[in-house]
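Heads up, the thing below is written out as structure tokens.
The values are calculated or read from the model by the stated rules, or taken from the named source; none is laboratory data. Nothing here was measured: the structure is a model prediction, and the numbers come from that model. For neighbour counting, all protein chains shown are included, and Cβ atoms are generated from backbone atoms with ideal geometry for every residue, glycine included. Each accessible area value is taken on the protein alone, full model and side chains, heavy atoms only, with ligands, DNA and RNA left out. Shrake-Rupley method; radii C 1.70, N 1.55, O 1.52, S 1.80 Å.
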Amino acid sequence: MQKSRPRGFDLHSLDGLGILRAVVEAGSFARAGEAVGLTQSAVSRAIARIEERLGVRLFRRTARSISLTDEGRRFYEAVAPHLAAIVDATTEAGSSASRVRGRLRVNVDAGIGQFLLTPRLTPFLARYPELTVELEVRDRMGDLVREGFDVSVRFGLPRPSALKARLLMRTRIVTCASPEYLARHGAPQRPRDIEQHQCVQFRDPATGSPFGWEFVRGKQVVPVNTSGQLMVNGSGPLLAACLAGQGIAQLLELYTREYLDDGRLVQVLPEWADETYPLYAYHHSAQLISAKVRAFLDFVVALTRE
């Protein structure tokens, strides 16, 4: 009966040189075969193939025992340190499926980095002291595989891709202004009234043009034409301009909740705020997901459910 192979240490996967190491350590083809999950004859054939490629005999074989030849000993002493390094690397890579460690590269837009993740990462990092997180802000997600990212967190509908997209939440789009702005200019009563106000516009990174504004109430959708002296390309500047009284802005409720709660911002036309925007996490194959990515996804899921 064959013995089970040690987890994270599969000599058979290292091909013939791994089998060579097993034979040297076991002292026989039969015991080496048990260690790597092969028959005695398969081990013998693997060693014969190595000897054929090298052009030298590695083992003296008798009916009762085997031993390394001088050439076999010199060859094994030369390759053994490299085999040990390969095994260590294999074991280390295998452990990444269950151990949260190493560097995690996360691709986000500016708003998610500033308002959602960075202020709340402390408990996550404290829980995994062997993990370092590299949070990189990009206008667009780009190619996660080519650019070496492990995961991305982005608002908007996912595009066709080989990546796994996981819906985290939907947040409402709210129209806001500062109390000072509304005191000077009055509050709009209908969606079309917005067209008479200064609006802080948000530039679409894909087109370079400002995002269009819509007001949604149930199934009713009212698009409006907005104008203003200021256009920004980040959620941080958009929020700051709105707080400073520059004009009316459409923002994600996720970013504005505390300002609405404490009165620094006032929601405009709250009955026309049924439009929502989805937040997705993107990662590579679900079958090969590492422990660090799995831990981060669990953290983000819990964060967005708060």
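For region 219-235, which positions are open to solvent by less than 70 Å² (accessible area, probe 1.4 Å), in contact (Cβ under 8 Å) with a residue 40 or more places away in the chain and closer than 23 Å to R257 by Cβ?
G234, S235 - these are the residues of region 219-235 that are open to solvent by less than 70 Å² (accessible area, probe 1.4 Å), in contact (Cβ under 8 Å) with a residue 40 or more places away in the chain and closer than 23 Å to R257 by Cβ.
Within region 290-304, is even one residue of a type in the set (F, W, Y) and surrounded by 20 or more Cβ atoms within 10 Å (Cβ to Cβ)?
Within region 290-304, the subset of a type in the set (F, W, Y) is 296, 299.
Checking which are surrounded by 20 or more Cβ atoms within 10 Å (Cβ to Cβ) leaves us with 296.
Yes - at least one qualifying residue is present in region 290-304.
Given the condition in contact (Cβ under 8 Å) with a residue 40 or more places away in the chain, under 13 Å from the mean Cα position of the chain (by Cα) and under 25 Å from G212 (Cα atoms), answer yes or no: does some residue in region 104-121 qualify?
yes
Residue by residue through region 259-285, note down the ones that are in a strand (DSSP E or B) and not hydroxyl-bearing (S, T, Y).
Our first condition is that a residue be in a strand (DSSP E or B); within region 259-285, this holds for 266-268, 273, 276-283.
Answer for region 259-285, where residues must be in a strand (DSSP E or B) and not hydroxyl-bearing (S, T, Y): V266, Q267, V268, A273, P278, L279, A281, H283.
Out of T175, T118, I need the residue that is surrounded by 12 or more Cβ atoms within 10 Å (Cβ to Cβ) and part of a strand (DSSP E or B). Which one? I'd like the intermediate steps shown before the answer.
Values: T118 fails: part of a strand (DSSP E or B).
The unique qualifying residue is T175.
Taking the residues in region 257-299 that are of a type in the set (K, R) and more than 11 Å from the chain's Cα centre (by Cα) as candidates, determine which candidate is modelled with the lowest pLDDT. It would help to see each step written out before you state the result.
Within region 257-299, the first condition is being of a type in the set (K, R), and the residues that meet it are 257, 264, 292, 294.
Of the ones still in play, those that are also more than 11 Å from the chain's Cα centre (by Cα) are 257, 264.
Working: R257: 91, R264: 97.
Looking at the filtered set, the residue picked out is R257.
Quick check on region 104-111. Is at least one of its residues part of a loop (DSSP other than H, G, I, E, B), modelled with pLDDT of 85 or more and farther than 30 Å from A281 by Cα?
As a first pass, look at region 104-111 and keep what is part of a loop (DSSP other than H, G, I, E, B): 109.
From the residues that got through so far, the ones that are modelled with pLDDT of 85 or more too are 109.
Now narrow it down to the ones that are farther than 30 Å from A281 by Cα: none.
No.
Determine which single condition C199 fails, assuming it passes every other condition in (1) touching a Gly at 6+ places or on another chain (Cβ under 9 Å); (2) over 20 Å from E180 (Cα atoms); (3) at pLDDT 95 or above.
All conditions pass for C199, except number (2).
Within region 200-208, does at least one residue satisfy the condition of being under 35 Å from the mean Cα position of the chain (by Cα), within 22 Å of L117 (Cα to Cα) and either buried (at least 18 other Cβ atoms within 10 Å of the Cβ) or of a type in the set (A, V, I, L, M, F, W, C) (or both)?
yes
So that you can scan it fast, the table gives a plain yes or no per residue for (1) more than 35 Å from the chain's Cα centre (by Cα); (2) assigned to a loop (DSSP other than H, G, I, E, B):
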{"residue": "R146", "(1), (2)": "no, no"}
{"residue": "L167", "(1), (2)": "no, no"}
{"residue": "A183", "(1), (2)": "yes, no"}
{"residue": "A187", "(1), (2)": "yes, yes"}
{"residue": "D193", "(1), (2)": "yes, no"}
{"residue": "Y255", "(1), (2)": "no, no"}
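Restricting attention to region 264-288, which residues are closer than 21 Å to Y128 by Cα and free of Cβ contacts under 8 Å to residues at least 40 places away in the same chain?
L288 - this is the single residue of region 264-288 that is closer than 21 Å to Y128 by Cα and free of Cβ contacts under 8 Å to residues at least 40 places away in the same chain.
Regarding region 211-218, can at least one residue be identified that is open to solvent by 40 Å² or more (accessible area, probe 1.4 Å), assigned to a strand (DSSP E or B), aromatic (F, W, Y) and in contact with a Phe, Trp or Tyr (Cβ under 6 Å, 6 or more places away or on another chain)? Spell out how you get there, then give the answer.
So in region 211-218, the residues open to solvent by 40 Å² or more (accessible area, probe 1.4 Å) come out as 211-212, 214, 217-218.
Filter once more, so that each one left must be assigned to a strand (DSSP E or B): 214, 217.
Of the ones still in play, those that are also aromatic (F, W, Y) are none.
No, the conditions are met nowhere in region 211-218.
Quick one: is L157 in a strand (DSSP E or B), within 21 Å of N233 (Cβ to Cβ) and among the hydrophobic types (A, V, I, L, M, F, W, C)?
On the way: in a strand (DSSP E or B): no; within 21 Å of N233 (Cβ to Cβ): yes; among the hydrophobic types (A, V, I, L, M, F, W, C): yes.
For L157, the condition - in a strand (DSSP E or B), within 21 Å of N233 (Cβ to Cβ) and among the hydrophobic types (A, V, I, L, M, F, W, C) - is not met.
Taking region 245-267 only, how many residues are more than 23 Å from G156 (Cα to Cα) and either of a type outside the set (D, E) or open to solvent by less than 10 Å² (accessible area, probe 1.4 Å) (or both)?
9
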